[in-house]
Amino acid sequence: MSNSEELIIRRPPIGATSMMFWNRSVEQAVPLAAELGYDAIEIWAEHLWREDEDPRKIERALARANLRCTVHCPIMDLNLTSPNRGIREESLRQTLQSVELCDALGAELLVVHPGKLFSVKNSVDLFWEHQVQVLETIVQHAEKYGVCIAFENMDMHSKLEVVKRAEDIHRALAPFTYEKLGVTYDTTHLGTTQANLDFIAAVDNIIHVHLSDALVVSPNKVRTHLPLGEGELDVEAILRALLPRYEGILSLETHIPASENTTPVLRERKKVVALLDRVLR
């Protein structure tokens with residue numbers, strides 16, 4: 001490829017999860033994220049609902065801070081494919097409510113988790129039956145509001161998760177033609193650098209990224225959502241493979257306990273900036 005034909009890779013915006021500011025309201029978290037240099041914030045539905053905050057106020061706060069926004073669906077004590085019908089129905093109700101929240105905030109997309117097994121003894125065939133049914137309802141609701149859905153890959157090392165690999169993502173999304181349906185790619189859920197590279201190569205509709213480190217402790221145990229550099233992922237190699245085909249937000253989903261001291265949150269953004277400087281130079 002000649003110099004004139006070289007691919008131009010744009011520097012992606014860097015986002016922070018609102019869970020880094022869990023000790024504050026979302027309305028307080030938005031300007032603070034901007035002050036720390038972030039370009040975007042991913043608002044967890046439970047965070048906003050915790051204090052029954054008005055989405056209209058949050059939308060105005062986002063505009064004042066010039067901050068982009070995504071929304072994370074509710075996941076606390078929920079399971080979209082639970083064998084308990086009451087839990088399954090409540091999980092779906094709250095997810096549909098988060099579609100409406102995404103619309104109310106003017107957010108760019110809604111991250112949706114797949115369901116999971118309650119027990120390794122559960123039927124995987126029944127899981128897939130429920131997964132297709134609930135996702136169909138979510139997609140129909142998203143189409144009504146024009147909301148973009150980003151379906152996430154889950155923890156490779158969990159025995160209860162089913163949608164973990166590229167082929168699982170393909171199977172889950174295959175029945176749908178909604179043009180605003182894509183994939184949230186989570187680095188830590190894949191565990192190793194090679195698994196990340198394989199996923200990037202196999203999935204062509206990644207529209208959102210959750211970035212954090214991982215450390216494989218044993219074949220059946222992985223420490224996930226670590227600050228960058230505290231695990232063993234080669235994040236630079238991952239970004240080199242990803243960025244030529246990716247135009248979305250790099251949203252940090254690092255576990256940083258919420259605190260009055262926001263230095264760790266600032267430090268994490270600086271790590272990403274340094275990585276991008278090396279990848280894009």
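Derivation of every value follows stated rules applied to the coordinates shown; laboratory data play no part. Small disclaimer: the values here were computed from a predicted structure and weren't measured. As a convention, Cβ positions derive from the backbone with ideal geometry for all residues, glycine included, and neighbour counts pool all protein chains shown.
Each peptide in 48-59, 106-117 was scored by the mean count of other Cβ atoms within 10 Å over its residues; highest first, the order is 106-117, 48-59.
The sum of -39500 (n - 2.57) across all DSSP H runs of n ≥ 4, divided by the residue count of the chain, sets its helix-only mean residue ellipticity at 222 nm to -13000 deg cm²/dmol.
Treating the Cα atoms of the stretch 119-275 as identical point scatterers in vacuum, please give the log10 of the normalised Debye intensity I(q)/I(0) at q = 0.08, 0.12, 0.21 Å⁻¹, two decimals. With no solvent term, the Cα-only Debye profile gives -0.26, -0.58, -1.36. List the pair-distance distribution P(r) of the stretch 104-202, using every Cα-Cα distance, as the percent of pairs falling in each 5 Å bin from 0 up to the bin containing the longest distance, rounded to whole percents. Going out from 0 Å in 5 Å bins, the stretch 104-202 shows 2, 12, 23, 23, 18, 14, 6, 1, 0 percent.
Expected output is a single nm value to one decimal: the length gained when fully extending between residue 125 and residue 28, i.e. 0.36 nm times separation in residues minus the C-alpha distance. What is it? Walk me through the numbers on the way to the answer.
Working: separation 97, 0.36 × 97 = 34.92 nm, distance 4.42 nm.
Full-extension gain reported as 30.5 nm.
Between residue 255 and residue 267, the modelled labels are 1.7 nm apart [label points 7 Å from Cα along Cα→Cβ]. Between residue 118 and residue 220, the contour length at 0.36 nm per residue exceeds the alpha carbon distance by 34.9 nm.
Scan the stretch 169-232 for trypsin sites (Lys or Arg not before Pro) in coil per DSSP, keeping those whose Cβ has at most 16 other Cβ atoms within 10 Å, and list them by number. Don't skip to the answer; put the middle values down first.
On the way: sites: 171, 180, 221, 223; in loops: 180.
Filter output for the stretch 169-232: 180.
So between residue 93 and residue 167, what do we pick up on full extension, going 0.36 nm a residue minus the alpha carbon distance?
On the way: separation 74, 0.36 × 74 = 26.64 nm, distance 2.75 nm.
Once the chain is fully extended between residue 93 and residue 167, it gains 23.9 nm.
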